[in-house]
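Right, one structure below, let's go through it.
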Amino acid sequence: MKVVDVDIRPAVAQFATLMEAKLRQRDDRPGWKGQSVDWLLGRLCDEVDELRMALLLVDRPEPEQSPRETFERLALASAADECADVANFAMMIADVLGELGDTGDRGRGDG
């Protein structure tokens with residue numbers, strides 16, 4: 001896939017920054033380059049399940065001991081983190097398939 005130079009939308013840039021932050025938390029791990037697509041797809045499905053659970057918290061009634069704003073903010077942050085995890089595993093699959101070209105990336109920081 002040939003990628004052309006484009007102006008990156010602010011939301012995409014912000015989300016890419018979140019994705020990178022999540023990957024850097026795992027830089028001590030060997031990475032995804034040596035993983036099979038099947039294994040990565042399984043992890044992506046696990047992350048989708050985690051996202052589904054995080055989204056349930058967003059709609060859940062507040063705990064009595066926690067102000068609604070704090071609880072909602074934490075639930076939304078958790079959901080955003082899970083979105084980044086899902087996106088990272090999708091990116092890893094595209095990378096292993098060779099669809100991102102030669103990124104020079106060692107593929108470190110898998111989930």
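The values are calculated or read from the model by the stated rules, or taken from the named source; none is laboratory data. Only a predicted model underlies this, so the values are computations on that prediction, with no experimental measurement involved. Reconstructed Cβ throughout: ideal geometry from the backbone, glycine too, with neighbour counts over all protein chains shown.
In region 8-36, how many are of a type in the set (Val, Ile, Thr) and either surrounded by 13 or more Cβ atoms within 10 Å (Cβ to Cβ) or not in a helix (DSSP H, G or I) (or both)?
Step one: list which residues in region 8-36 are of a type in the set (Val, Ile, Thr), which gives 8, 12, 17.
If we keep only those that are either surrounded by 13 or more Cβ atoms within 10 Å (Cβ to Cβ) or not in a helix (DSSP H, G or I) (or both) too, we end up with 8.
Within region 8-36, residues that are of a type in the set (Val, Ile, Thr) and either surrounded by 13 or more Cβ atoms within 10 Å (Cβ to Cβ) or not in a helix (DSSP H, G or I) (or both) number 1.
Only one residue in LEU56, LEU40 is part of a helix (DSSP H, G or I) and at pLDDT below 95, so which one is that? Break it down into steps so the answer makes sense when it comes.
Working: LEU40 fails: at pLDDT below 95.
Just a single option satisfies the conditions, and that option is LEU56.
Which one of these does PHE71 not meet: (1) farther than 18 Å from ALA21 by Cα; (2) modelled with pLDDT of 80 or more; (3) surrounded by 15 or more Cβ atoms within 10 Å (Cβ to Cβ)?
Answer for PHE71: the failing condition is (2).
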